[in-house]
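Nothing in this text is a laboratory measurement; each read-out follows from the coordinates by a stated rule. Quantities reported herein were computed from a predicted structural model and do not represent experimental measurements. Heads up, the Cβs are rebuilt from the backbone with ideal geometry, glycines too, and the neighbour counts pull from every protein chain shown.
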Amino acid sequence: MSYRSPTGVKIIGGLKLLTAMLLIAGGIGAFHFINHDISDAARRILTLLHLDPRNSFLNNILSNITDLDPTDLRKIGIATFIYAILYIIEGIGLLKTKRWAEYMTIIITASLLPFEYYEVMLRATWLRVGALVINLGIVIYLWRILKRGVKS
C-alpha cells in the first residue's frame, strides 16, 4: 500500500513554495540595498503604487526601513534565505506526498506558534492574527492526516 496525500496537503505544499519564492525575493532585496538608499527606493515604490507616504501606517513602515543598517540587512537576507530553504524542502516534500515532509511541516510550524502568539499579544493586527490562525490550522490539519494514516 502506498501513501497518498489529500489535496489539502498539496495545497499547503504549494503555499510553502510560494512563500519560499517571496522570501527569496526579500532576501535578494535585502542584499541589494546594503549599498543603496533603501528609503529612497521605498518612497519610489509608494509613489509607483499611488500610496500616500504620509499615511501613518506607511510612514511607520518607512521609518522602520530607514533605520536598517548594512549589518541588519545582511542578517535579514541570510535569515530569509534560510527560511526559504526550509520552505522549499517542506513544499517539495509535501507535493511529492512524503510523510517526512508532513512531520517536518508540523514540527517547524508548531515551533513558531509561540512566537506568533507573542506577537499577537504584543500588538494584535489582522495580519498577525490571520498568520497565527492559518499556521495553527495547518498544524492541526496535518496532525489529523498523520493520525488517520491516509492510504490509497
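Key figures for this structure:
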{"read-out": "Inter-label distance, nm, simple model (7 Å from Cα along the C-beta direction), His50/Ile92", "value": "4.2 nm"}
{"read-out": "Förster radius 22 Å - calculated FRET efficiency between Trp143 and Arg99 (Cβ-Cβ, nearest 0.05)", "value": "0.95"}
{"read-out": "Relative contact order (%) - criterion: Cα under 8 Å, at least six apart; region: region 7-148", "value": "32 percent"}
{"read-out": "Simple label model, 7 Å out from Cα along Cβ direction - Asn60 to Leu18, nm", "value": "2.6 nm"}
{"read-out": "For region 1-56 and region 74-152, distance of Cα centres in Å", "value": "17 Å"}
{"read-out": "Highest-MSF residue in the chain out of Phe115, Phe81, Phe57 [GNM, Cα springs under 10 Å]", "value": "Phe57"}
{"read-out": "Within region 28-132, trypsin sites (Lys or Arg not before Pro) in DSSP loop having at most 11 other beta-carbon neighbours inside 10 Å", "value": "Arg54, Lys96, Arg123"}
{"read-out": "Lysine pairs within the chain, Cα separation less than 26 Å, 8 or more sequence positions apart or different chains", "value": "13"}
{"read-out": "Dipole of the chain [Lys/Arg +1, Asp/Glu -1 at C-beta], most positive-end residue of Ala25, Val133, Ala101", "value": "Ala101"}
{"read-out": "Inter-label distance for Ile11 and Ala110, nm, one decimal - labels placed 7 Å from Cα along Cα-to-Cβ", "value": "2.2 nm"}
{"read-out": "Share of pairwise Cα separations in the chain, more than 22 Å, in percent", "value": "54 percent"}
{"read-out": "Interchain or long-range residues, amide H under 5 Å from Leu51's placed H", "value": "none"}
{"read-out": "Calculated from backbone phi, Karplus (6.51, -1.76, 1.60) coupling profile of region 90-96 in Hz, x at Gly/Pro", "value": "4, x, 5, x, 5, 5, 8"}
